[in-house]
1. Looking at the chain, do any whole DSSP H helices span at least 30 angstrom along their long axis by alpha carbon and average 0.0 or above on Kyte-Doolittle, and which?
2. How much area per residue is accessible in the stretch 173-243 when the probe is 1.4 Å and only protein heavy atoms are counted (Å²)?
3. Using the basic label-point model (7 angstrom from Cα toward the beta carbon), what is the Asn430 to Ser358 distance in nanometres?
4. What list of whole percents do you get for P(r) of the stretch 291-438, with Cα-Cα distances grouped in 5 Å bins up to the one holding the largest distance?
5. How large is the Kirkwood hydrodynamic radius of the chain, counting all unique pairs of alpha carbons, in Å?
6. Read phi for every residue in the stretch 300-314 and hand back ³J(HN,Hα) as whole Hz from Karplus 6.51 cos²θ - 1.76 cosθ + 1.60, θ = phi - 60°, with x for Gly and Pro.
7. Can you pull the semi-axes for the stretch 359-450, root of five times each eigenvalue of the Cα gyration tensor, sorted largest first, whole Å?
8. Order 198-206, 475-483, 419-427, 321-329 from most to least packed using the mean count of other Cβ atoms within 10 Å.
Amino acid sequence: MLRRLPVAAPLAAGLRWLSTGSGVVTDPLNYWAAQRRPSRGQGNKENVYEPATGRVLCCLDPCGAGEVDQAVKAAQSAFSHWSKMSGMERARIMIEAAHLIESRREEIAEMEVVNNGKSITEARLDVDSARLCIEYYAGLASTLAGQHVQLPGGSFAYTRREPLGVCVGIGAWNYPFQIAAWKSAPALACGNSMVFKPSPVTPVTAVLLAEIYAKAGAPEGLFNVVQGGQETGSLLCHHPDVAKVSFTGSVPTGQKIMEMASKGVKPVTLELGGKSPLVIFEDSDLENAVRGALMANFLSQGQVCSNGTRVFVQSSMLPEFVQEVVRRTQAITIGDPLVEDTRMGALVSQAHLDKVLSFVDQAKKEGAAVLCGGERFVPSDPKLRGGYYMTPCVLGDCTDEMTCVKEEIFGPVMSVLSFQTEEEVLQRANNTTMGLAAGVFTRDVRRAHRMVEHLKAGSCFINNYNITPVEVPFGGFKMSGFGRENGQVTVEHYTQLKTVFVEMGDVDSLF
Ligand code: NAD
């Protein structure tokens, strides 16, 4: 059993640890400007909870205009230094940050579990993904290059990839540490600085990343964390000295971010929600198809944007597929996320748990069959009784019109649908306003590629699901957003192209 209360740690503006019950343990240490908070936020303090127990973990005091401005100014000052360093020099600091993450893997993963509720096994993988992302972009930092274009008469033009300036990252609560790394790594590698705002539900681990970058030798203010919710986020988006906003979250918030950024004509990256299809053809390997469906639905208590929650199974395979999926789902160990064997921890909040359970109720009313799960789960350990647990749910007899099939539930609820033909399933799979991901299981290589050619989704998986190697671009089509995270292409989203014309002859004037 791992320790439950994290030790008091230096935190960013707006966070304060509480002890087990008797008040404040430490005052907030402000990472971008230690002890230089111009004000004590906006005074609307919010409790931050530990999902596994329902206990108040710390207190969040949202940053106001003064603090946001100070964070942006600190990032601007860091930018003037960082952007002039060579790619190799930036890479060296980023690699050091990756080493520090590796050495603090367990501590970061525990903090993530305590604040988010996911299992320690998954949290460790998230920390690894964050580290790999920083290593990957460190490798790209010295490869940023332009183009040379020959023009008549020996003249030529060349292009330069230049950083944007102060970038803002705004994160969701489902992968708090990983999102902070996935946004900051390409931004910093390209010579930008970043002000990051985590979700107020999971404000803790982004602060550890700030601490790690600082310890690795990053200039003060290069990666700042400001705490708060939508007001703080909107102050960041409107700030005149912010050059770009990279956002991960829901579609309605993404729309607002785009609107705010449009006022300053700022580029945005939007990583939004999904309602992705997973198509399983009758020639699939059953074992792999079942594994794929479980990975597509139950990671992080189902709170994953790319989840393949509409599982289309070819009718001849449906009975054996359903039997096996239900058997494995019922065998998932739910409970204390800090315990090694736990595979499903707690959902992120009471409000979110209630929302997910209400989707299950609605599905029943609309005629879906609950094949397993979908109920509040109360662990036998008394200290976990206030936690936000539910049993993972498989819904059968689903049809395309049902709410559970149309709307993003963002919880451990799999909807199973049956289909007859490839043409039919393709049309039904694409019948959504979202387009984040899609999956196909089949042994027929031609059919697999034919399907993904026509699937309208940014990330497609053939015979697997929900793997996100950092070398590979990730992002959505349609209302799931645009821009990409990970992969080489993201360099384009964190730089701007300057074209330089060079005349080698005389000026040919018309006047
Ligand atoms: P959310 O949209 O409620 O909040 C996301 C972030 O935006 C939070 O930090 C929040 O404080 C901030 N925010 C809210 N209103 C704002 C405003 N007006 N201005 C500026 N910032 C504002 O989303 P959530 O509930 O935290 O996360 C769940 C959603 O995120 C799901 O829809 C999920 O699919 C999506 N998501 C997408 C990806 C992806 O990569 N595509 C990854 C993870 C989560």
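The values are calculated or read from the model by the stated rules, or taken from the named source; none is laboratory data. Only a predicted model underlies this, so the values are computations on that prediction, with no experimental measurement involved. Neighbour counts run over all protein chains shown; Cβ positions are idealised from the backbone, glycine included. Note: accessible area is taken over every heavy atom of the protein model, side chains too, but ligands, DNA and RNA are not part of it. Shrake-Rupley method; radii C 1.70, N 1.55, O 1.52, S 1.80 Å.
1. Details: long enough: 120-141 (32 Å, 0.31).
Helices meeting the span and hydropathy rule in the chain are 120-141.
2. Values: 1410 Å² over 71 residues.
Accessible area per residue: 20 Å².
3. With each label point 7 Å from Cα toward Cβ, the separation is 3.4 nm.
4. Bin by bin from 0 Å, the calculated values are 2, 10, 20, 23, 21, 13, 7, 4, 1, 0, 0.
5. Details: mean 1/r = 0.0419 Å⁻¹.
Answer for the chain: a Kirkwood hydrodynamic radius of 23.9 Å.
6. 6, 6, x, 8, 10, 4, 8, 3, x, 8, 9, 9, 8, 10, 5
7. Values: eigenvalues 197, 49, 30 Å².
Result for the stretch 359-450: semi-axes of 31, 16, 12 Å.
8. Working: 198-206: 26.3, 475-483: 22.6, 419-427: 15.0, 321-329: 18.4.
Final packing ranking: 198-206, 475-483, 321-329, 419-427.
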